[in-house]
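*Asks:* One structure, as structure tokens, below. Some questions next.
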Amino acid sequence: MDFLTLFAIYVAVVITCMFLVCKYSGQPQSPFNTLLNYLFKVVASFTPQWLQRLSQRTLHRLFHQRSNLFIYVHILLEGAVYAEFTYEVFGFCRDMDTTLTSLSVPYVLLVVKTFIFYLCIKTDPGTVTKKKVSSQLHIYPYDRRLFHPGVSCPTCQLVKPARSKHCRVCDRCVQRFDHHCIWVNNCIGAQNSRYFLLYLFSLCAMAGAISLLTGDMLLHAVLRSGLLRASYIDEYGQQQPAGPLFVVQHLFLTFPRVIFMLGFLVFLFFVLGGYALFHAYLALVNQTSNEWYKSRGHVCQHCHPTAAADHLCSPVPDHSKRYYYSRGLLRNLREIFFPLKGVQKKGN
Ligand SMILES: [Zn+2]
Ligand SMILES: [Zn+2]
């Protein structure tokens with residue numbers, strides 16, 4: 001396979017992964033998704049009606065109904081990365097005398113991450129139920145800005161506790177609702193926000209550790225090959241140094257799978273790193289991403305479901321109440337890792 005074909009496949013795979021990660025791990029109202037929705041509309045105007053209906057049905061089934069599909073995709077991608085790392089990078093690094101301790105870091109992280117991933121999937125995020133609702137109502141006070149007393153969920157027929165939201169994918173109200181994550185096929189709420197945060201950081205650490213070891217391997221491969229000192233004769237008969245493009249081509253053709261993997265992992269590291277930092281920030285200020293978006297002027301519980309998507313709450317949002325639930329950095333963090341229980345009455 002020539003360099004250009006390989007590079008085209010590589011770009012297509014990386015862009016597809018970028019698309020999947022950005023669209024389905026984030027929030028529906030992000031600027032990226034707004035741009036994607038606009039692009040979808042443009043493409044739809046050239047697509048026959050039957051194909052549009054079919055793709056809408058398929059997308060709805062995939063992304064708006066509970067399904068383990070993305071958990072399997074996750075495991076498959078992880079399996080592919082670890083198989084490649086073990087098959088090509090591990091042996092090469094052992095030949096370069098990289099210590100076994102350094103090489104075992106990705107495997108230790110995999111065990112830790114898998115355990116946290118399991119907890120994130122299996123833990124009830126804090127479903128509002130008939131039995132628990134009376135105690136859940138006392139966990140947080142209503143800020144009377146985003147959450148108002150006496151509002152019932154039309155689907156669950158239960159009074160909504162402050163900070164809760166109905167998840168349309170899971171068809172239930174969730175206490176301290178953050179968002180629904182398709183990658184864990186679960187809502188992220190009061191009881192599993194801690195696992196979600198740890199999951200994001202452990203995934204970043206995994207991607208970072210494998211990227212560093214792989215980068216080290218490629219660097220040694222280039223140094224060993226002597227390509228940095230190589231030269232070629234150009235069309236005018238002049239001797240030219242090989243240059244970085246030559247080195248990149250050589251690496252692409254010698255280690256195509258390793259380069260694929262490294263590109264994917266570096267991208268994942270930065271996207272997930274940003275996302276993990278965003279969630280760490282939210283944990284420190286005691287805000288959910290649901291509240292963060294609402295605070296930016298999206299539909300409020302008070303006005304839902306009649307309000308338009310660009311509707312601003314009336315009266316005009318009071319920014320002094322933006323971090324209404326914040327109780328100081330340490331107490332906010334404690335609340336993430338030791339969620340408040342229903343019986344605990346929280347003062348204002
Ligand atoms: Zn509900
Ligand atoms: Zn959900």
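*Asks:* Is there a quick way to get the dipole size of the range 67-337? I mean about its Cα centre, with the Cβ of Lys and Arg at +1 and of Asp and Glu at -1; what is the value in debye to the nearest 20? Present the calculation step by step, with values, prior to reporting the outcome.
*Replies:* On the way: 25 positive and 16 negative charges, 352 e Å.
My answer is approximately 1700 debye.
*Asks:* Could you name the aspartates and glutamates in cross-link range of Lys41, using Cα to Cα under 20 Å and dropping any fewer than eight places away on the same chain?
*Replies:* List returned: Asp310.
*Asks:* Moving on to the next point. Per-residue counts of other Cβ atoms within 10 Å, averaged by peptide: what ranking do you get for 279-292, 186-199, highest first? Working shown, then result.
*Replies:* On the way: 279-292: 19.2, 186-199: 24.6.
Going by the mean number of other Cβ atoms within 10 Å, highest first, we get 186-199, 279-292.
*Asks:* Hey, could you pull the Cα Rg and Dmax for the range 155-198, both in Å?
*Replies:* Rg and Dmax of the range 155-198, Cα atoms, are 10.4, 34 Å.
*Asks:* On the protein heavy atoms, probe 1.4 angstrom, tell me the percent of accessible surface of the range 35-121 carried by carbon and sulfur. All intermediate terms of the calculation are to be shown ahead of the outcome.
*Replies:* Working: 4060 of 5870 Å².
The C+S portion of the solvent-accessible surface of the range 35-121 is 69 percent.
*Asks:* Write down Rg/Rh for the range 67-337, rounded to two decimals, with Rg from the C-alpha atoms and Rh from the Kirkwood relation over Cα pairs.
*Replies:* Values: Rg = 24.9 Å, Rh = 21.9 Å.
Over the Cα atoms of the range 67-337, Rg/Rh equals 1.14.
*Asks:* Tell me which aspartates and glutamates have Cα within less than 14 Å of Lys113's Cα, excluding those fewer than 8 residues away on the same chain?
*Replies:* Once the sequence-local aspartates and glutamates are set aside, what remains near Lys113 is Glu78.
*Asks:* Ok, one more. Which pairs in the list Lys132/Lys165; Lys122/Lys165; Lys160/Lys341; Lys131/Lys341; Lys130/Lys341; Lys131/Lys294 are over 24 Å apart, alpha-carbon to alpha-carbon? Please report the intermediate quantities before stating the final value.
*Replies:* Details: Lys132/Lys165 15 Å; Lys122/Lys165 20 Å; Lys160/Lys341 16 Å; Lys131/Lys341 14 Å; Lys130/Lys341 16 Å; Lys131/Lys294 28 Å.
Pairs exceeding 24 Å: Lys131/Lys294.
*Asks:* Quick one: which of 256-266, 86-96 comes out on top by average Cβ neighbours within 10 Å, and what's the full order, highest first?
*Replies:* Values: 256-266: 18.6, 86-96: 15.6.
The most tightly packed comes first, giving 256-266, 86-96.
*Asks:* What are the extents of the Cα atoms of the range 191-247 along their three principal axes, in Å, largest first?
*Replies:* 70, 21, 7
*Asks:* Given the range 174-298, what whole percent of its Cα pairs are spread farther than 20 Å?
*Replies:* Working: 4650 of 7750 pairs.
Here the tail beyond 20 Å accounts for 60 percent of pairs.
*Asks:* Over the alpha carbons of the range 58-192, what is the largest minus smallest coordinate on each principal axis, giving the biggest first in Å?
*Replies:* Result for the range 58-192: principal-axis Cα extents of 67, 35, 27 Å.
*Asks:* Any idea which of Cys173, Tyr232, Cys187 is furthest toward the positive side of the dipole for the range 67-337, if Lys and Arg beta-carbons carry +1 and Asp and Glu beta-carbons -1?
*Replies:* So the residue we want is Cys173.
*Asks:* Moving on to the next point. Once fully extended, how much extra length lies between Lys131 and Leu284, figured as 0.36 nm per residue of separation less the alpha-carbon to alpha-carbon distance? Provide the component values of the computation, followed by the final result.
*Replies:* Values: separation 153, 0.36 × 153 = 55.08 nm, distance 3.08 nm.
Extra length available between Lys131 and Leu284 comes to 52.0 nm.
*Asks:* Sort His180, His250 by accessible area with a 1.4 Å probe, largest first. It would help to have the intermediate numbers written out before the result.
*Replies:* Working: His180 35, His250 65 Å².
The residues order as His250, His180, largest area first.
*Asks:* Over the Cα atoms of the range 72-144, what Rg and Dmax result, in angstrom?
*Replies:* My reading of the Cα-based Rg and Dmax gives 21.4, 64 Å.
*Asks:* Counting only heavy atoms of the protein chains, get the accessible area per residue of the range 67-337 (1.4 Å probe) and round it to a whole Å² value. Please report the intermediate quantities before stating the final value.
*Replies:* Numbers: 13490 Å² over 271 residues.
On a per-residue basis, the range 67-337 sits at 50 Å².
*Asks:* Further, regarding this structure: Karplus couplings for the range 128-145 from phi (6.51 cos²θ - 1.76 cosθ + 1.60, θ = phi - 60°), rounded to Hz, Gly and Pro as x?
*Replies:* 7, 10, 4, 5, 9, 4, 5, 7, 5, 5, 9, 5, 10, x, 7, 7, 6, 10
The values are calculated or read from the model by the stated rules, or taken from the named source; none is laboratory data. On a predicted model such as this, the values are computed, not experimentally measured, just so you know. A quick note on method: Cβ atoms are made from the backbone with ideal geometry, for glycine too, and the neighbour counts reach across all protein chains shown. For the accessible areas, the whole protein counts, side chains as well, though only heavy atoms, and no ligand, DNA or RNA atoms are used. Shrake-Rupley method; radii C 1.70, N 1.55, O 1.52, S 1.80 Å.
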